[in-house]
1. So B:Val141 fits all but one of (1) over 27 Å from the mean Cα position of the chain (by Cα); (2) among the β-branched types (Val, Ile, Thr); (3) not in a strand (DSSP E or B); what number is the exception?
2. Suppose the filter is surrounded by fewer than 18 Cβ atoms within 10 Å (Cβ to Cβ) and either in the same structural domain as B:Ala363 (by TED's automatic domain parsing) or among the aromatic types (Phe, Trp, Tyr) (or both); does B:Ile251 pass it?
3. B:Pro116 passes all but one of (1) touching a helix residue (DSSP H, G or I) at 6+ places or on another chain (Cβ under 9 Å); (2) within 16 Å of B:Leu75 (Cβ to Cβ); which number fails?
4. Quick check on A:Leu242: is it assigned by TED's automatic domain parsing to the domain that holds A:Leu399 and either out of contact with any His (no Cβ under 6 Å at 6 or more places or on another chain) or in contact (Cβ under 8 Å) with a residue 24 or more places away in the chain (or both)?
5. Test A:Ala290 against the stated conditions and say whether it is within 13 Å of chain B (Cβ to nearest Cβ), among the aliphatic types (A, V, I, L, M) and part of a helix (DSSP H, G or I).
6. Of the numbered conditions (1) hydrophobic (A, V, I, L, M, F, W, C); (2) in contact with a Phe, Trp or Tyr (Cβ under 6 Å, 6 or more places away or on another chain); (3) more than 13 Å from chain B (Cβ to nearest Cβ), A:Ala350 fails exactly one; give the number of that condition.
7. Give the residue that is surrounded by the most Cβ atoms within 10 Å (Cβ to Cβ), with candidates limited to residues of the range B:222-248 that are at the interface with chain A (Cβ under 7 Å from one of its Cβ atoms) and within 16 Å of B:Lys305 (Cβ to Cβ).
8. For the range B:102-119, give me each residue that is surrounded by 17 or more Cβ atoms within 10 Å (Cβ to Cβ), hydrophobic (A, V, I, L, M, F, W, C) and either touching a residue at least 60 places away in the same chain (Cβ under 8 Å) or in contact with a Ser or Thr (Cβ under 9 Å, 6 or more places away or on another chain) (or both).
Amino acid sequence: MIYSYLPFIILLLGACAYFIGSAKAVAVSGGSGGIRSLHSLPSHYGALTALCCVLPALMVYALWQIAEPMVLTSMIKKGLPAAMLQLSANEFSLVLNDIRNAVAGNSLSGSGDTVILAAAQRYMALQATAGKIASAVILVMMIAAVLIMYSRIHIHLRARNIVEGLIRISIILCSAVAIFTTIGIVLSVLFEAIRFFKIIPLQDFLLGLDWSPQTAIRTDQVGSSGAFGAVPIFVGTILIALIAMVVAIPIGLLSAIYLSEYAHPRFREIAKPLLEILAGIPTVVYGFFAALTVAPFIRDIGTSLHLEVSSESALAAGLVMGVMIIPFVSSLSEDVLHAVPQSLRDGSLALGATQYETVKNVVVPAALPGIVGGILLAVSRAIGETMIVVMAAGLSANLTFNPLKTVTTVTVQIVTLLVGDQEFDSPKTLAAFALGLILFFFTLCLNIIAIRVVQKYREQYE
Amino acid sequence: MATENKQTMKPFSVHMNKDLQRRYRAEKRFQRCGIAAIAIALSFLALLFASIIGSGYTAFRQTFIELDVHFSEDLFKDENLAAADYAGLIKQALRTAFPEVKERRALKSLYMLVSPGAAFSLQDMVKEDSRLIGSRQKIWVPANDDVDMLIKGQMKATEAEADRRLKDDQLGWIGQLEKDGKLETRFNTTFFTSGDSREPELAGIWGAVKGSFYSLLITLLLSFPIGVAAAVYLEEFAPKNFWTDIIEVNINNLAAVPSIIFGLLGLAIFINFWGLPRSTPLVGGLVLTLMTLPVIIIAGRASLKSVPPSIREAALGIGASKMQMVTHHVLPLAMPGMLTGAIIGMARALGDTAPLLMIGMVAFIVDIPGGFTDSATALPVQIYLWADSSERAFTEKTSAAIMVLLAFLICMNAAAVIMRKKFETKW
């Protein structure tokens, strides 16, 4: 009972500890000079007491939360009849699941089984006792911590330094989350990908021309093994990204140049946020737009020109993706153009060049590294974009460069392979992680190169 | 100048003028290209909004049919009111409205006019007020989605009968209902209050909105404190060494990693390794936290950078420790910028779909989630699910859901802009 409220109790006791600590600090400073004789402010003593009291308690609580199911399950196991213990690992885990369900109160399968019900009851009894013990241990620990701190507080205790040290450690941990995330990504895709490459050799995956991951249920069916040659997927991804860049680079770059070199400030003030709306629209909306409006439109135009256009053509997906990327290209290149020093422009104009000639011969060449960096970032985004292609591009892996045909991309395949029921041993599911690994490393390289290029460029003019 | 030139050195000036004109033409052309580029981009924006609003505004209204329902006592003999045959009540009411229909198949297509959800609304009415039993009531019940499409003009009665989902006899009945004033469109409250459904006329976004809300709550509670702490450390405390360089490269790179990769991380680590429940806002929120963190950290650092060093020096000068300087002076000044970054990050998290697909928030879930560990879906995922469905009535639902999503996003971004304007300090 008390166990379920434990986190609140811990925090409440922590608050009490804060007041006890600061009151004690005021009390010990009672001599000449008041609290000026203390090393730190009373609030620091309070905070130190509270931290000493709460942190270990929370740690024990968290550890117990994680360890409890394991410990209790192993205790339950001893009491089960011998016949059950001889079951295979899979069946035994089913039994344990039944017990857990019975504990949670929703016994759907095998509700009549007395053995399981008895085990569940024993589990609950154990849980209750364990909760009581854990609560008692934690509360005793907290009170002891407060008492020890209370006796330790004196005017020379460097409370502020200790508290600030603790805060510093915690903010270092917070900034390390970024590293942990990257490690997590690498590990999560790497392990499954290695398992995949044990089944399908790496060269077959990277160089194979045939992709049909659907494995048959019966082994004697046609194509039961599945084929995992990823070249058609890579080609499809590149094709769609290429179409997107053909749309986004000219439009994005020209609008950036116009906005930064020509536009009246008032026009700029209106046009720029409007362009940025394009970047803020969720990709699922673009996907719906592509499937609902753009794809039928392109197909109609194609049929009126007597061309055979697939209803999920690469062109539609690429076009809409290009629109999505326009603000990305334009805002990045505008930043870069802004960084070009005015003196370069003035020099060129003073020699009699028109503004166009200045832009063409001076500003853009000077900004080129930065623009290229921005475009690389945009390419990485186009390759990793998911929803547009999931909704507007197809599933069939055709090895073609014809933009009117259906192609598929890495992200589409990841989504189709992983959505729905999965078994984590089949190469079909593992293939998604292999594709994820390729996608991650490819975009990682693009990003790192692009970020380096942009930073180098910025430093050049700063 | 030009005329003077013409008189004195004619051959040269002609050449020069031509050249100049060519150069000016190029200049004009280039400017026009720039304007055209902006116009193309903005017209895409306009087209997108027009196509979404054009196909979605009708979803906010819904067709209802008035039925004369007789809650006869024979049907409510059982103690359990929920077990009564409410679908039978509806059928009976339809039969009394159209007594001339006798044949089984005709009756079946007559019953098709009313939504299967009508029975549930009758059930709710009886549950609320059991005195209804035995009485006769005129009740408005939702029409089936095909009728709805016809009334809204999205299904043309002029099409060939084989191409239509409503047949000629059904059109006749609908015409009669319309003539008798027993058919009208009303504001569609179902759309805002119910969860997903297989029947378009019963489907709503409330479940998805709540799922999104729970996920974003977790995201905000985790990513804002962690993001601010990380930004403070990197900007104010971190020494310039190998490790902080690595952290910095990591953050910049994570901001550009495709969101689907975060979904893979969530699937492999949160669900398979930690054993957190699938399809829940808890896991969704955690994944979105990892995605939003770099955005918040980058915005936070920029905002800390804009606080002038004089503030720091003044604080240190009067004896504050470094931590006191940050918490008492720098952080409060940088807070508006950090909040703006957080809102923009949250807006991105709200619109993101791909990572949620990976962690199983795409299931068909009718119930409205009541907590962080209930199975749920999210608003953009709901849009994806409806966009996939083949029924025509779901197209307008999809567009309407997109309008709701965009409204949320616009509000969030407007809040960010207003906040930036209001608290912007020029030092």
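1. (3)
2. no
3. (2)
4. Taking the combined requirement at face value, the residue satisfies it.
5. Against the criterion (within 13 Å of chain B (Cβ to nearest Cβ), among the aliphatic types (A, V, I, L, M) and part of a helix (DSSP H, G or I)), A:Ala290 qualifies.
6. (2)
7. In this case the residue turns out to be B:Ala230.
8. Matches in the range B:102-119: B:Leu110, B:Leu113.
The values are calculated or read from the model by the stated rules, or taken from the named source; none is laboratory data. The structure presented is a predicted model; accordingly, all values stated were derived computationally and were not measured. Because the Cβ atoms are built from the backbone with ideal geometry, glycine has one as well, and the counts that use them run over all protein chains shown.
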